[in-house]
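Data first, discussion second: the structure below is written as C-alpha cells.
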Amino acid sequence: MKKFDLVITKGTIVTASDIFQADLAIQGDKIAAIGPSLAPFGNRLMDAGGKYLFPGGIDVHTHLDMPSGGIVTSDDFYTGTVAAACGGTTTIIDFANQSPGESLEETVDIWHRKAEGKAVIDYSFHITVCDMRDSVFNEIPDMIRRGYPSFKLFTTYDGLRVEDGVLIRALKQTREHGGIVCVHAENHHMIQYLVKELLTEGKTAPQYHALSRPALAEQEAVARVIRLGQLVEAPIYIVHLSSREALGEISRARREGLPVMAETCPQYLLLSDKYYLEPDFQGAKYVMSPPLRPWESQEELWKGIAGGAIQVVATDHCPYNYKGQKDLGREAFNRIPNGSPGIEARMSLIYNYGINEQIIDLCKYVEITATNPAKIFGLYPQKGTLGVGSDADIIIFDPNLEKTISKDLLHERVDYTPYQGMEVKGYPVATIARGELIVEEGRFIGKQGRGNFLRRSHPVVL
Ligand code: DUC
Ligand code: ZN
Ligand code: ZN
C-alpha cells in the first residue's frame, strides 16, 4: 500500500461539531484519512503530543498593500501573509478596492498582481465597489461566476459611499446571481455633522474620533441596510460590527428570520474607547472605523458570538505605521488614517479571551475563526474544516503555551500592535498549509509566493 506523505499522531482534533483523539494523514495537499493508529502508514510522522489540531484560521477581512488617501497599508501580500501564517491563519480574503472609473475586471487584475508571487497562504478577494455605473453593475454576474461572489459597499466616506438606491439595486443583482453584499454601515450624515461640530469647537485629538462616529450612527445604518435587503430579499453581511446597539438590530432581524449575518473583530471584543485617551497622540493607534466602544459593547458582542447572532470573527487588518502614517492626523482626528493591525494575534486572542474565560467552547472557536467564514464565503468544505478530502490546512495549537503579545513577537510590518502587553495562554506551534509545514515554533519556513488564488463558489447564509 502506498504510504501517506505525513501522519500527525496523537492530536486532539477539533471541528465545529466534534472533538476527538485521532491521527490525521496527509497525502499531497489534502487530508487523506483521520482515525486511530495511522502511524504505520505514514512516510513521515509528526507527534502532536496531545495538542489541539484546529482547521487553519480563515481571516475574511484584510487590507494588504491597500492605497488610500496618498498612503499605503504597511503590510504587503508577503509580510501580511507571513504574519497571518505565524498566527495560525492559512487563508485570507482581502478587499480589492475599485478606484473610480475602473471596471471590476481591472480592479481584480490589480489585486492579483499585488498577491501573485508574494502571498504565502491561499487568498481570495472581495470586491469593494464605489463607482456602480451601469457597466460596473452589469459586470457583477460575471464576477460571481469567476469566483468573486462577495462585494463590499460603504454607506459612509466621501468618494466611497453609495446611496440607498444603489445599494438596493446591488443587493438585488447580487442575490439573483448567487452572491452576497457586505456592508460597512455607519450613517454618513450624522458623522459629517459631528466631525464639523467637534472641529469647530477645537476638539481635534484622537478621542474625538469616537465621539464623531457614535454607536447611534452604526445602529441607524445597520437597521436601514437590513431593511433595504428585506425589500429585495437579499442576504446581508455586516462587516466589523462594533456596538451593542447595532448588534441589537442584527439580533432582531435574525429573530424575524431575515438572512442577516455579522462579523466582529478582536479589537471590538477586547479594547474599549478608553484607549483613545492614551497621552501623546498614542490614541491614534486605535483610530479605526467604526471606533472602539465602551466596555458594555464588548460584553454584548461576546454574548452575540456565543448565542449565534454573530457568525464570524475576522480582523479588519489595516496596518498603518504610527510614525509617518498615523502621524498625519496630529492636527485633526479626521485626518488620522483609519485602521489597525491584527492579522497575527487573532487566533490566540480569541482562544485566550473566549475559551480560557469560558465564554465559548472549542467547537464554537473553530466555527467563528474558520468554518463559518468558509461556509459564508464559498470555500467550504475545501477550507474551514478537518475532514477527508479537505485541504490540509491545519494548526497545531498548544493550549498551555503562554506568550505576551508585543510588536517584537509579531511578524506584521508595522511599528505597533494595539494588543501590546496582553498576556495569552494558548498559541499555535505549527502551521501546515495545503500539506506543507510553513511555520514551526513561531518561525516562517515556507516559500514566498506559495499561496494560491481561491476561486470561490456561492455564499451560504447561516
Ligand atoms: N473600513 C474597513 O473595513 N477597513 C478600514 C477602514 C474602514 O472604514
Ligand atoms: Zn469598513
Ligand atoms: Zn476593512
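Give me the number: length gained by fully extending Lys303 to Ile19, i.e. 0.36 nm times residue separation minus the C-alpha to C-alpha distance, one decimal in nm.
Going from the current span to full extension adds 100.0 nm.
Quote the FRET efficiency, to the nearest 0.05, computed for Met1 versus Leu231 with a Förster distance R0 of 41 Å and r equal to the Cβ-Cβ distance.
With a Förster radius of 41 Å, E is 0.10.
What Kirkwood hydrodynamic radius, in Å, does the chain give when the mean of 1/r is taken over all pairs of distinct Cα atoms and then inverted?
By the Kirkwood definition, the hydrodynamic radius is 22.1 Å.
Could you give each residue of region 126-135 its phi-based ³J(HN,Hα) in whole Hz, using Karplus coefficients 6.51, -1.76, 1.60 with θ = phi - 60°, and x for Gly or Pro?
Couplings: 7, 10, 8, 10, 10, 10, 8, 5, 4, 5 Hz.
Working from Cα positions, state the angle (0 to 90°, nearest 10) between the long axis of helix 215-231 and the longest principal axis of the chain.
In the chain, helix 215-231 runs at an angle near 80 degrees to the longest axis.
Mind checking the per residue accessible area of the chain for me, 1.4 Å probe, whole number of Å²?
36
By how many degrees, between 0 and 90 and to the nearest 10, does the Cα long axis of helix 188-200 differ from the longest principal axis of the chain?
Rounded to the nearest ten degrees, it is 70.
Provide the net charge surrounding Ala374, with neighbours chosen by a C-beta distance below 12 Å and charges set as Lys +1, Arg +1, Asp -1, Glu -1.
-2
Search the structure for amide H atoms under 5 Å from the amide H of Asp47, placed 1.01 Å from N in the peptide plane, and list their residues when 5 or more places away or on another chain.
Thr9
Determine the dipole magnitude for region 56-376: charges of +1 sit on the beta-carbon of Lys and Arg, -1 on that of Asp and Glu, nothing else is charged, the reference point is the Cα centre, and the result goes in debye to the nearest 20.
Here the size comes out at about 320 debye.
What ³J(HN,Hα) values, in whole Hz, does the Karplus curve 6.51 cos²θ - 1.76 cosθ + 1.60 give for region 14-19 when θ = phi - 60°, with x put for Gly and Pro?
In residue order, the calculated couplings are 10, 10, 5, 10, 9, 9 Hz.
What nm distance separates the two modelled labels at Ser99 and Asn400, each placed 7 Å from Cα along Cα→Cβ?
5.4
Efficiency by 1/(1 + (r/R0)^6): what FRET value for Arg443 and Ile110, r their Cβ-Cβ distance, R0 = 41 Å, to the nearest 0.05?
With R0 = 41 Å, the Cβ-Cβ based efficiency is 0.80.
So what's the angle, to the nearest 10 degrees on a 0 to 90 scale, between helix 295-307 and the longest Cα principal axis of the chain?
Computed tilt is about 50 degrees.
What distance in nm separates the simple spin-label points at Glu197 and Gln358, each placed 7 Å from Cα in the Cβ direction?
Those two pseudo-labels are separated by 4.4 nm.
Using a cut-off of 11 Å between beta-carbons, work out the net charge of the residues near Gly56 (Lys and Arg +1, Asp and Glu -1, Gly56 not included).
Net charge in that neighbourhood comes out at -2.
Non-local amide H neighbours of Val120 (under 5 Å, H modeled in plane, Pro and chain starts lacking H): which ones?
HN-HN under 5 Å from Val120: Thr81, Val82, Gly449, Gly451.
So for each of 45-58, 105-118 I average, over its residues, the number of other beta carbons within 10 Å; can you give me the resulting order with the highest mean first?
Packing order, densest peptide first, comes out as 45-58, 105-118.
Round to a whole angstrom and tell me the spacing of the C-alpha centers of region 314-348 and region 433-462.
25
Antiparallel DSSP bridges in region 56-376: what percent, to the nearest 5?
5
Once neighbouring chains are kept in place and the probe is 1.4 Å, which whole percent of the accessible area of region 56-376 is contributed by carbon and sulfur?
Taking all protein chains in place, region 56-376 shows 49 percent carbon and sulfur surface.
Within a Cβ distance under 13 Å of Ala306, other residues only, what is the Lys/Arg minus Asp/Glu net charge?
Combined, the nearby Lys, Arg, Asp and Glu give -3.
Check Leu6: other-chain or 5+ apart residues with amide H under 5 Å from its amide H, H built from backbone geometry?
Under 5 Å from the amide H of Leu6: Ile26, Asn43, Arg44.
Once phi is turned into ³J(HN,Hα) by the Karplus curve 6.51 cos²θ - 1.76 cosθ + 1.60 with θ = phi - 60°, what whole-Hz value does each residue of region 87-97 show in order, with x for glycine and proline?
x, x, 9, 10, 8, 10, 10, 9, 9, 8, 8
The values are calculated or read from the model by the stated rules, or taken from the named source; none is laboratory data. Here the structure is a predicted model, which means the values were calculated and not measured. Ideal geometry is used to build each Cβ from the backbone, glycine not excepted, and the neighbour counts take in all protein chains shown. Side chains included, ligands, DNA and RNA excluded: accessible areas come from the protein's heavy atoms. Shrake-Rupley method; radii C 1.70, N 1.55, O 1.52, S 1.80 Å.
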